[in-house]
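Below is one structure, written out as structure tokens; the observations come after it.
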Amino acid sequence: MKSIQIGNGERKLALANIGFAYSAFLIGTLCGLLQVFIRNDALTLPGWLDYYQVLTAHGLLLAIVFTTFFIFGFFQAGMSRTIGSFGGKVLRWSWVGYAITSLGTLLVVIMILAGQASVLYTFYAPLQAHGLFYVGLALFVIGTWVQGFALVGHYWVWRREHKGELSPLFAFMTVATIILWVIACLGVVAAVLFQFIPWAFGITDGINVELSRSLFWYFGHPLVYFWLLPAYMAWYVVVPKIIGGRVFSDSLARLSFVLFILFSIPVGFHHQLTEPGITSFWKFLQTVLTFMVIIPSLMTAFSMFATFEVRGRELGGRGLFGWFRKLPWKDVRFTSIFIAMAFFIPGGAGGIINASFQMNEVIHNTLWVVGHFHITVGTPVAMTFFGLTFWLVPYLTGRVFTKSLQRLAFIQIITWSIGMILMSTAQHLLGLLGAPRRTAYTGYAHEDALAWFDGVLSNHVTMAVGGSILFLSAVLLVFIVVQLWWFAPVSKGENLESFPIAASDSSATPTFLENWKIWIAIAFVLIAVAYTIPLTDLIQHAPPGSGRFQTW
Ligand code: HAS
């Protein structure tokens, strides 16, 4: 099928988002490299740079800035491809949103560089950053809302013009992800506007610490699905096209996204299982809901295996696993995302361990959690984004993903995988032995604690070697992006890169799946059940507000 090329306005917009994402990626990964060397006692930072400053920049630039900007670039390109070119209004508002998000990011980064905000990406009170750091965070969220609402507006116009029709799967999933994001952000917006900003500017004296943490995690857990769902969009909609297949089940795909809207939010307490201010009943309830949010991921796993098997058998694969060999392993756009999926099997299993109350006691606040998020957001999500980058940037710049760049892309994904296996395995094992997260190098003058440094894999050297390979891989990726942006040959005619969207048969899909009012209403009911009483409790029985602490 000849590809529908993207309008010039959306092209520039998507490129602006992706460009911002990769700039943050490069600086963020450099900060990651510094982390592993400091923990290994191989590096001492100069006096003007602090471990927690670097860690804050690392977390924010990679987990928040890289992901969010990339996601919006992907959404904008895909929405224009599936439901048509943006009108002038959508485009204008998207640029306004982009400008606000960028301004917020710059403010946050300036505050971190100035040494005024070494509070890590969770910005837990009573650590206190400069007030402008929180203003920057608020602007960041507002900017994403504006960009998100512009896309929803575009979708709304399409639905008005296609009454009674289900929207294309990509558009459905984009809107579901934006709904999830907007509802999730309500928690962090409340904390930033009503607690942190007045406190940081001296308008209020104290802060209710437990309330601020609970509002953060109300946001913090669905945040991980805001990262994951665009990756799932690629798995459901892009990958089947790349391998020459179809979406396995349109209704299953839509249902899994609806389940994320329902169950990803009322679960934040599973990040606070060790905190005393919340009674065990509410922790239990939110843990049960956490197990519900695992279901759509299991549905996704089933759907992916089915997609691969159906396609592999169409290509002549025989026997139990013959179909597996028929998949297009030489196509890096597929292989990268397949490896990303494979990483999510241990990543997801680790999540189930974390969510289990007794086991959480063992791993909470240890390096295990750092290992967990590097094989969830750091590989399944990030490597899916790399896999998308390989064709999305040429699609937007009109250049060719040449054979030599494809070879480099293979080296990039393999080195990323090796680096991640080494680093995250060491982190998981060190965490099980009790090594704390968020701590610079320390001698731990006790022989049991020193054993952390001795294991074959469970040592800080392995972690540093993995981290170094990851950094080299990141530099290679940025090199590929630069080539695809400015230097690769310009494509002509049949060489033109297309945006792969697989056919999805929605003839048997129930239309109520696209009745957003039902899902938003149920989501709010579940949130009210899970949060009203414990949050009221935290407000009514609040201890005296905490003062400001700057420990750096
Ligand atoms: Fe998590 C902590 C529980 C998923 C990210 N998580 C974190 C933190 C981050 C994070 C950043 O309950 C640290 C936050 C901080 O700074 O303190 N997590 C879960 C659970 C899931 C889960 C139950 N997490 C994610 C995802 C993330 C992410 C996704 C980012 C994108 N997590 C927790 C808990 C904590 C936590 C506690 C707090 C720990 C503590 O005490 O601090 C589930 O959603 C996971 C379900 C997933 C699956 C996997 C399905 C597999 C699929 C792949 C199929 C593969 C195929 C390929 C088809 C059940 C879909 C075939 C391949 C072959 C090789 C054959």
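List of remarks:
- Test: residue in the range 399-407 that is of a type outside the set (S, T, N, Q) and within 22 Å of residue 225 (Cα to Cα): no
- Applying the criterion of being of a type in the set (S, T, N, Q) and within 10 Å of the ligand (Cβ to nearest atom) to the residues of the range 259-285, the residue that is surrounded by the fewest Cβ atoms within 10 Å (Cβ to Cβ) is 274.
- Under the condition of being farther than 18 Å from residue 269 by Cα, surrounded by fewer than 20 Cβ atoms within 10 Å (Cβ to Cβ) and either out of contact with any Pro (no Cβ under 7 Å at 6 or more places or on another chain) or of a type in the set (Val, Ile, Thr) (or both), the residues counted in the range 190-216 number 9.
- Boolean, residue 329 is under 29 Å from residue 239 (Cβ atoms), assigned to a loop (DSSP other than H, G, I, E, B) and within 13 Å of the ligand (Cβ to nearest atom): yes
- Residue in the range 54-72 that is over 22 Å from residue 392 (Cα atoms) and either without any contact (Cβ under 8 Å) to a residue 24 or more places away in the chain or away from the ligand (no atom under 16 Å from the Cβ) (or both) present: yes
- Within the range 97-156, the only residue that satisfies the criterion of being in contact (Cβ under 8 Å) with a residue 40 or more places away in the chain, touching a His at 6+ places or on another chain (Cβ under 9 Å) and crowded, with 23+ Cβ neighbours inside 10 Å is 117.
- Here 339, 345 are screened, and the one residue that is more than 8 Å from the ligand (Cβ to nearest atom) and aliphatic (A, V, I, L, M) is 339.
- Residue within the range 172-179 that is among the polar types (S, T, N, Q), over 25 Å from residue 337 (Cα atoms) and buried (at least 20 other Cβ atoms within 10 Å of the Cβ) present: no
- Pair list, Cβ < 6 Å and 6+ apart or interchain, from the range 375-386 residues that are at negative phi and outside any helix (DSSP H, G or I) to residues that are within 10 Å of the ligand (Cβ to nearest atom) and among the hydrophobic types (A, V, I, L, M, F, W, C): 375/343
- Lone qualifier among 518, 522, 539 - being of a type in the set (Val, Ile, Thr) and more than 29 Å from the chain's Cα centre (by Cα): 539
- Some residue of the range 342-357 being surrounded by fewer than 18 Cβ atoms within 10 Å (Cβ to Cβ), modelled with pLDDT under 95 and in a helix (DSSP H, G or I): yes
- Qualifying residue in the range 512-520 (condition: surrounded by 11 or more Cβ atoms within 10 Å (Cβ to Cβ), under 30 Å from residue 275 (Cα atoms) and not aromatic (Phe, Trp, Tyr)): yes
- Failed item, numbered, when residue 396 is tested on (1) under 17 Å from residue 476 (Cα atoms); (2) more than 15 Å from the ligand (Cβ to nearest atom): (1)
- Within the option set 491, 498, 473, being closer than 21 Å to residue 333 by Cβ, in contact with an Asp or Glu (Cβ under 7 Å, 6 or more places away or on another chain) and at pLDDT 85 or above holds for one residue only, 491.
- Residues being touching a Gly at 6+ places or on another chain (Cβ under 9 Å), farther than 13 Å from residue 40 by Cα and at pLDDT below 85 - total across the range 417-459: 2
- Residue 289 more than 6 Å from the ligand (Cβ to nearest atom) and at pLDDT below 95: no
- Scanning the range 312-322 for residues that are assigned to a loop (DSSP other than H, G, I, E, B) and more than 15 Å from the ligand (Cβ to nearest atom) yields 315, 316, 318, 319.
- Test: residue in the range 299-311 that is more than 25 Å from residue 214 (Cα to Cα), more than 9 Å from the ligand (Cβ to nearest atom), touching a residue at least 12 places away in the same chain (Cβ under 8 Å) and surrounded by 21 or more Cβ atoms within 10 Å (Cβ to Cβ): yes
- Scanning the range 313-371 for residues that are touching a strand residue (DSSP E or B) at 6+ places or on another chain (Cβ under 9 Å) and on the phi < 0 side of the Ramachandran plot turns up 366, 367.
- So residue 377, is it modelled with pLDDT of 95 or more and surrounded by fewer than 21 Cβ atoms within 10 Å (Cβ to Cβ): yes
The values are calculated or read from the model by the stated rules, or taken from the named source; none is laboratory data. These numbers were taken from a predicted model, which means no experiment stands behind them. Cβ: placed from backbone, ideal geometry, glycine included. Neighbour counts: every protein chain shown.
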